[in-house]
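The values are calculated or read from the model by the stated rules, or taken from the named source; none is laboratory data. Values in this document were obtained by computation on a predicted structure and should not be read as measured data. Don't worry about glycine lacking a Cβ; one is built from the backbone with ideal geometry, like all the others, and counts go over all protein chains shown.
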Amino acid sequence: MNDMVLVRAVRWRTLQVRSACVALGMATTAPCLAAAALPLGQWRVDAVHVDSRRTSRMSIMPNDPTLVGRRLSSTADRLSLEGQEEDRCEGPSAAEQVSSLASVIADTMDAGPDGSPVATPTDYGLTGPGGRIKVYWVTCRSGHFGPSDLRGHSNAWLVQTGQKLLIGWADQTVLAAVPASQAVNGLSGSGPAFNCARASTATEHAICQSPDLSAADRSVAAAYSNAEYWCDKDPSKLALLAKVQKAWRSQRDACGSDAACLAKSMSDQTAKLGEPSSFLGD
C-alpha cells in the first residue's frame, strides 16, 4: 500500500468512525479515533462464531477445525494467523475507537437474508461485553490481515475484552482467541486428541511436547468427527473414511519428529476432511 492509498484509507476510516460516534450518541468533537498500540502477544483461536443466515457459503463452520487452535501472533512487526499465509500484516498499526460490540457487528456484517437489516452479537452467539469497548482498526504497511468482504471494509477489527480477543473474519464470521498460554477449549483441552501417557512413537512424543502440534491434532480429530457425521451412518463411506485416515496417519508418522512436516501434514488432512465429498462422493 503506497502512502497516498494509506492516507485515503485512514481518512475513509475516520469518516466511518465519526459516523459511528454520531450513531452512538457521542459528541462529534470527542476524540473517537486515536492511534493506539495493538494488543500484542501470542494468542490461540478458541472459538469460531458463525451466523449461518449471513454466510455466503458454509465454507467456515461454527468452531471450524481449520481455525480453532491456530496461533495468532501479534507483534510490533507483524500480525498473522497460523495456516493463513495470505493473511499477513507487515508493519501493523491501529486506530482505537470507543464503541460497542453491537455497533461493530452491525457496521461490519451484512444484513440477513430474512430481511433483518442489522446483525447483532446474539446472532453470532456472542454474549458480551455489553458496554463500551475499545475497537482496534488495523492498517498494514504491506500485506493485509483478515477479510476484505466485511461489507467492503479494508481494515480488520480487533476487540479485547478481559482475557479474550475478538477478530472480525472472513465469510461473516468472528474469531475468539485467548492467550496461547491458556488451555484452548477446542475439543479436548490443551493436549492432543490422544492420550500422551500412551505415546510410543517419535511423532506422538513430538505432538505431545508442542502446544501448536497438539492443537493441530485436535483439529484433525474434530474434522474427522465432522466427516463421520457427513457419512450419515453409511457403512461403505465410514469404511472408506477410516481407510483414508489410516493411510494419512502412516504418512504423518513418516515425518518423525519434524515439526514443520507434522504441521503441514495435519493442516492438509484437516482441510481434506473438511470436504469429505471430494473423496467419498456425494
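A few remarks follow.
- Scan of the stretch 73-113 for residues that are charged (D, E, K, R) and outside any loop (DSSP other than H, G, I, E, B), ordered by number: 78, 88, 90, 96, 107
- One residue alone among 271, 260 is part of a helix (DSSP H, G or I), without any contact (Cβ under 8 Å) to a residue 40 or more places away in the chain and aliphatic (A, V, I, L, M), and that residue is 260.
- When residues of the stretch 203-251 are limited to those that are aromatic (Phe, Trp, Tyr) and at pLDDT 90 or above, the one nearest to residue 70 (Cα to Cα): 224
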